[in-house]
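Asks: Structure in structure tokens, see below.
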Amino acid sequence: MPAEGTLVVGPLPQEPLAFQERLRLMEELDRAMELRGASTACALTGGRGVGKTQLAGAYARSRIEAGWRVVAWIVAEEPGQIIAGLDELAEAAGVKGSIQDAELAAAAARQWLERLPEPSLLVLDNVGDPDEVREWLPRLGRTRTLMTSTTRSVAHLGATVDIGMFSVDEAVAFLREVSMVGEPETGTAAAEELVLELGCMPLALAQAAWVIRMQGLAFTEYLERFRHRPTKEATWRVPGEPYPSGVAEALLSAIAHAETGDHSETVRRATEYISLMSPSGVHRDDLRAAMPDRDADEIAAVVGQLTEACLVTLSLDGGTVVMHRLVQRIVRDRLQDDGRLQARMEEMATILSGLLPDTDGTLMLNDGDHGLTDHILALWAAAEPLGDAARRGLLQLRRTAVWLLVNRAELDRACRLGREVLADHERIFPSSDSSREAKEETLDARESLMRAYMAAEQYASAVPLAEQSVVDHGGLFGPDDRRTLEAVNTLGYVLEVAGRLDEALTVHTRNLADSIRVNGPGHETTLRAQINLASTFRSQGDSPRALVLFEKNVADNERCMGPDHRSTLNARGELARMYERVGRSAEAVVLYESLLADLRRLYPDAHRSFLWWGRYQAQALQSSGRTEEAIDELERLLERSEHGLGSDHPETLSIRIFLARALMTARQYSNAIALFERCVADRERVLGPHNRRTLNARRNLGLTLLAAGRRSHAIGCLESVLADYERAIGAHHPFTEGARADLVRARAARSPLRRLLLPAP
């Protein structure tokens, strides 16, 4: 009830069912509406359905409870409505008298508000034209004006509070209360999944809750319906509520209105392109690249129009354009209804293909793709209504998305996506499809997953894929084709890193003989088979045979491929590693210096080879007694890797552990132990607790504890590591045997050990 003496005029909304107070926004509104000696105006802005009117209504009701002199509510959407509302206020306030002209009566009402000595409130709901509003705002006195609008230019009329979506907790609470589906009927996960699908939009949640309540649906049932039906069939206007239409109609109306102004065709194209891209946002550069036939100034103007209409928002730096997922859904539904979804999808696939970075993954491009993977995945999801036949053309992009994730070292995600992509290919190209295209695309999908597993060091999972790849290549191209020989070479490498060294040796020996027979001793396939065989000898601990073969590989590469070929550069780096392994550290340092000089001459500074070979050069410096130089170099490399690749990139993690090893060699034990502990925690978090590199970090930590004289802690650490090695890679892997020998030495030690050979990082 209004407080005694409060004049309430207009269609002030009642408090809705399950009203969410949104205390933070109410506090922000209170601050914006503080009286500052003159009439105050504030605008609540935001897209359709975010709850602007409900928040304004809550504020108005609170002013009534506070006993303000006047609370007047005027709907200001259409021209003339403000005059009509003020005319009504003039009548209710007794200042209209004999005035017949509505505009004169409105002016009298405004003047009356300006003269009131008590605080009062004028609400202009859903303002459509800021220019019309400006004329009727009280300019003097203690009357405050609160506006709501989807037009952001009302911000010029006063303070602004931008209204976003519910928080997840607010959305779940609202959904449960309105739908009357409580915790016993469904778990929190189902409610959260639904509110996230609806983007936490208050209007969409209200209408969804009403459908759930009326039809007795579970959240999961409604979610399935929403995902597979047009939005207008899944969300209906709630009878009795003041909102005049369903969320689909409301948003579609806003979109259509935005497309009728200046640059209408460009607005339409931009809206449709953004609807097919990631809801996390589209970088402005990518939006410009999507429409190369449009001037950059026009695209900037279009982004401004969409922002003004609250159909998109901008990131804090203004570089990313974000469209609410429900608005995206409405635009896609319209494309489907108009029969234009497939054409737009094909255009977007071409656009995304053009945005792919021109790199093979050897450059440090941590943020260079602007979320390109997310755009590819969003396009795939958006094309679902068209069916698998129409989505065949997107499969190559899906495979590329796996590569992009590997390149960014999002390895868990890359593996998950790789499994999904392979399943997509096997569904779209069933085993009964004997076409060459189907087989080649499925082969590519299997190799994408295999390489994701390899990058994540899930070698046991990669082995069967590598084995199947050999079979597939042989069937498609024949056993002596270069591609088949490369597949066999990859299988041998995967077997080696998986710890199956005898099998790897057999595969590489046979593949080297086949490559020589088919392509000759100087062919690239032969040189790759040769260096991988040398690597397997090294892994087995057969250093004499490994060294001879590495030296031959360098000579053969220089003669057949030339001194600057990538294969030759790699061969020289591997030989330097072998020199350091057998104690020829000074020779290793010289070879690394020559290699890095050539890399600087041939490649850009952002090339990852500098990080890879730089850390091994530092290790050789350390082995040759130049430990301080090694520490300085590793600190520089670590800073560069953290900046270029990120703090959690596997390359960064490796450099960090190389630095810890150098600190241990320099007897900086406390610093080394602290850094090893961080390395263990980082690798457990990023790679997993049972990853081989995580176990190696723990083994290094145990040996450093031993060298520092903390024998009991070291023994406990090494016992735990040995048990995990045996479970993860087997009792007879060289790493396991090395860890076992470390534990024996630790148990036998009677005094601190100051010189230890640390295992590989």
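Asks: Considering every residue within the range 599-608, establish whether at least one is surrounded by fewer than 20 Cβ atoms within 10 Å (Cβ to Cβ) and of a type in the set (Phe, Trp, Tyr).
Replies: Yes, because at least one residue in the range 599-608 is surrounded by fewer than 20 Cβ atoms within 10 Å (Cβ to Cβ) and of a type in the set (Phe, Trp, Tyr).
Asks: Out of the residues in the range 429-454 that are crowded, with 19+ Cβ neighbours inside 10 Å and of a type in the set (A, V, I, L, M, F, W, C), state the one that is nearest to the chain's Cα centre (by Cα).
Replies: Ala452
Asks: So Gly522 fits all but one of (1) crowded, with 16+ Cβ neighbours inside 10 Å; (2) in a loop (DSSP other than H, G, I, E, B); (3) at negative phi; what number is the exception?
Replies: (1)
Asks: Identify the residue in the range 728-742 that is of a type in the set (A, V, I, L, M) and assigned to a helix (DSSP H, G or I) and, among all such residues, is farthest from Cys717 (Cα to Cα).
Replies: Per the criteria, the residue is Ile729.
Asks: Any residue in the range 475-490 that is surrounded by 24 or more Cβ atoms within 10 Å (Cβ to Cβ), outside the structural domain of Glu651 (by TED's automatic domain parsing) and more than 29 Å from Leu687 (Cβ to Cβ)?
Replies: yes
Asks: Then there's this: Select from the range 77-95 the residues that are closer than 15 Å to Arg115 by Cβ and either surrounded by fewer than 19 Cβ atoms within 10 Å (Cβ to Cβ) or more than 53 Å from the chain's Cα centre (by Cα) (or both) and list them in ascending order.
Replies: Ala90, Ala93, Gly94, Val95
Asks: Does the range 297-312 contain at least one residue that is buried (at least 16 other Cβ atoms within 10 Å of the Cβ) and within 20 Å of the chain's Cα centre (by Cα)?
Replies: yes
Asks: Search the range 265-301 for residues being touching a Lys or Arg at 6+ places or on another chain (Cβ under 6 Å) and not aliphatic (A, V, I, L, M), and hand back the single one that is farthest from Trp380 (Cα to Cα).
Replies: Thr266
Asks: If you don't mind, there's one more thing I want to ask. Find the helices (runs of 4 or more DSSP H) located wholly in the range 38-115 whose residues include 3 or more that are polar (S, T, N, Q), and list them.
Replies: Passing ranges, in order: 52-65.
Asks: Going by the structure shown, is Ile64 surrounded by fewer than 21 Cβ atoms within 10 Å (Cβ to Cβ) and of a type in the set (A, V, I, L, M)?
Replies: So Ile64 passes the test.
Asks: For residues in the range 433-462 being of a type outside the set (A, V, I, L, M, F, W, C) and outside any helix (DSSP H, G or I), which is modelled with the lowest pLDDT?
Replies: Asp433
Asks: Note down all Cβ pairs under 9 Å where the first residue falls in the range 420-442 and is among the hydrophobic types (A, V, I, L, M, F, W, C), the second is surrounded by 10 or more Cβ atoms within 10 Å (Cβ to Cβ) and not in a helix (DSSP H, G or I), and they're at least six residues apart or on different chains.
Replies: Hits for this filter: Ala438/Phe429; Ala438/Pro430.
Asks: Pairs needed: first member in the range 594-614, farther than 17 Å from Ala571 by Cα; second member anywhere, surrounded by 17 or more Cβ atoms within 10 Å (Cβ to Cβ) and not charged (D, E, K, R); C-beta distance under 6 Å; at least 6 residues apart or different chains.
Replies: Once the first residue is farther than 17 Å from Ala571 by Cα and sits in the range 594-614, its partners that are surrounded by 17 or more Cβ atoms within 10 Å (Cβ to Cβ) and not charged (D, E, K, R) give Ala606/Leu363; Ala606/Met364.
Asks: With respect to Arg685, is the statement that it is assigned to a helix (DSSP H, G or I), closer than 26 Å to Ala456 by Cβ, among the basic types (Lys, Arg) and without any contact (Cβ under 8 Å) to a residue 60 or more places away in the chain true?
Replies: Yes; evaluated as a whole, the condition is true for this residue.
Asks: May I pose another question? Got a sec? Which of Thr143, Thr188 is modelled with pLDDT of 85 or more, farther than 18 Å from Leu25 by Cβ and among the hydroxyl-bearing types (Ser, Thr, Tyr)?
Replies: None of the other options fit; the residue is Thr143.
Asks: Are any residues in the range 609-634 crowded, with 18+ Cβ neighbours inside 10 Å and among the basic types (Lys, Arg), and if so, which ones?
Replies: Residue satisfying the conditions is Arg615 alone.
Asks: Filter the range 523-548 down to residues that are closer than 17 Å to Arg584 by Cβ and basic (Lys, Arg) and give me whichever is modelled with the lowest pLDDT.
Replies: So the residue we want is Arg538.
The values are calculated or read from the model by the stated rules, or taken from the named source; none is laboratory data. Computed from a predicted structure; not experimentally measured. FYI the Cβ positions are ideal-geometry reconstructions off the backbone, even for glycines, and counts take in every protein chain you see.
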